1. Straight distance only, please: which aspartates and glutamates reach the Cα of A:K197 with their own Cα at less than 14 Å, same-chain residues fewer than 8 apart left out?
2. Provide the convex hull volume over Cα atoms per residue for region B:2-182, in Å³.
3. Students often check this: by mean Cβ neighbours within 10 Å, which of A:5-13, B:171-179 ranks highest, and how do the rest follow?
4. From the protein chains alone at 1.4 Å, what is the descending order of accessible area for B:Y54, A:Y38, largest first?
5. 5 Å is the cut-off here: which amide hydrogens, built 1.01 Å from N in the peptide plane, fall below it relative to A:V174, excluding neighbours closer than 5 in sequence?
6. Counting only the backbone N, which residues of region B:93-136 are under 16 Å from the spot 7 Å out from the Cα of B:A31 toward its beta-carbon?
7. How would you classify chain A from its alpha-carbon gyration tensor, with a ≥ b ≥ c the square roots of the eigenvalues: rounded for a/c under 1.5, else prolate if a/b is greater than b/c, otherwise oblate?
8. Using alpha-carbon positions, what is the distance between the centroids of region B:12-67 and region A:83-101, in Å?
Amino acid sequence: MLQVVCIKQVADTETRVKTGADGKTLDPNGVTWIMNPYDEFALEQALRVKEAAGAGEVVALSMGGAGVQTTLRNALAIGADRAIHLRLDGPQPDSLQVARALAAEIAPLNASIVWLGKQAVDDDQAQVGPMLAELIGAPCVTVVAKFELAGEKAMVEREIEGGREVVEVTLPAVFTADKGLNEPRYASLKGIMAAKKKPLEEKPAVPGDPNLEILSMQLPPPRAAGRIVGSGVEAVPELVRILREEAKVI
Amino acid sequence: MSILVFVEQRDGKLRSVTHEALSEAARLAPALGSPVVGICAAAADPGLASLGAYGANEVRLAANAAFARHDAAGYTAAVVAAAQELKPAAILFPASAIGRDLAPRVAARLGVGLAADCTALAAVGGKLHATRPVYAGKATQTIGFLKSPAMASLRPKVFAAMSPTGATATVVSQNFSYDAAASRARVTGLTAGEGGKLDLTEAEVIVSGGRGLKGPEHFNLIEDLAAALGGTVGASRAVVDAGWRPHGDQVGQTGKTVSPKLYVAIGISGAIQHLAGMSSSRCIVAINKDGEAPIFKVADFGIVGDAFEVVPALTAAVKKLNAHG
């Protein structure tokens, strides 16, 4: 069984966001780049499916500039069998462009499962998975919190407001992983050594025309300095009075 | 040129996010396009004429027995058919679990861009501009659309629903083609959350606990205060990673971004990822032993103190207030 895991390289969640010189995008100076945290759950689940089957191949796929290869090597060190880097330099493409470039690469692979994180923690659009599924004509379940495979059928649960939907899916299919799906493993030293010998193929990305344009990026106005009402239990009556009479929230 | 709005129902009941999206469409209509047309995928009419009160001129019903449950492929077929027929200037969705699942499929089918989880929309020179948080709220971006229709999903609780008018909408049947039997993904059931717990993204009041609570067994303090305030329970990432609370409770960059009326952070020091997810709350209260904790920099009001003493006292005070009005 072939599984493809789509991985995005994103700014570390510790990043203090500053607007770049263009006034539209993140200032990349001093930013540490990591694998999108939700993609770690996607990769882990693909590895578990392969291990349970005792055979198969996990392909890590990522799009972006040369730096993306660091994240792909990390995916190989964690356990992916090979990696494909869709090379695209310049500004970040919109979600449909990404989905189109990924679909062009994935469609001919005849993968049984395509995995993605439920969203990237930079643009938070949560779109590429379902868009990709549409483009390759596959069913898709987003925000997967539980996954079980039985032959050609997957029984999955997806988070919805106040509960979970249970979905039965016939493969091939696309899934986007939520946190809580599993506990991702780290790259071992042995894995890191092995990754150096695993194939990482670079190809040009074909994203097509843009569909959106970013007009500006703004930082939220800083919140006004708060008020320490007091210390310990003695401060409770005053806090309750403030919440009721001043803030009018209780 | 119309504005098309996805009308969300669950179990045959219209959801309040629908009123929010329709009201926003009605506000945009004079500058962007009219009429405001709703499209609803359902097993039977959930009372669509009532949506006239929230600005819908017409609502289309795409009926299929399979739509008693969320059916992503079927809903996509219904919305795409309405879009191809009406050629709207814009299509709006609630950024709910269903809306965030559905809107990208429709966008891919129509070959247009989509702005997800927007917090503000504007018509500028007859074109839609969408503002949305990025980096879990550490920044916002404003997006323009290069293709038509413009598509956006609207974050729940951010867009105010209008005061309902006496108007009713015309309900018509939507032509579309979909074979549910051929679908390869089928919702077979629902698991209830913890006693039908209100989702964090829809809650007016959130009481969140962090590592300062020292163990999962102390979350009853958080639950009691949340119950007294009529709110729901959230958690910091540290607490979720330690397995004290389910991931659905996590507020922050790898959890939920929330904007309740009142956010109470208890025993949470305030890592940058957590602050990103909750700093758009209207009123933030922090209770923490460490007066230097970063949470106090974003909190409107704080008490420096031991959660094990302060929280029960606060819960008791709120209960007393509720009892006496």
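The values are calculated or read from the model by the stated rules, or taken from the named source; none is laboratory data. Remember, it's a predicted structure, so these values are computed and weren't measured experimentally. So basically every Cβ, Gly included, is an ideal-geometry build from the backbone, and we count neighbours across all protein chains shown. These accessible areas exclude ligands, DNA and RNA; they are computed on the full protein's heavy atoms, side chains included. Shrake-Rupley method; radii C 1.70, N 1.55, O 1.52, S 1.80 Å.
1. The reachable aspartates and glutamates, counting only those whose Cα sits under 14 Å from A:K197, are A:D81.
2. 105
3. The densest-packed peptide leads the list: A:5-13, B:171-179.
4. Details: B:Y54 40, A:Y38 0 Å².
Ranking B:Y54, A:Y38 by accessible area, largest first, yields B:Y54, A:Y38.
5. A:V114, A:C140, A:V141
6. B:119-132
7. On the way: a/c = 1.93, a/b = 1.53, b/c = 1.26.
It is prolate, given that a/c is not under 1.5 and a/b is the larger ratio.
8. Spelled out, the Cα-based centre of one part sits 35 Å from the other.
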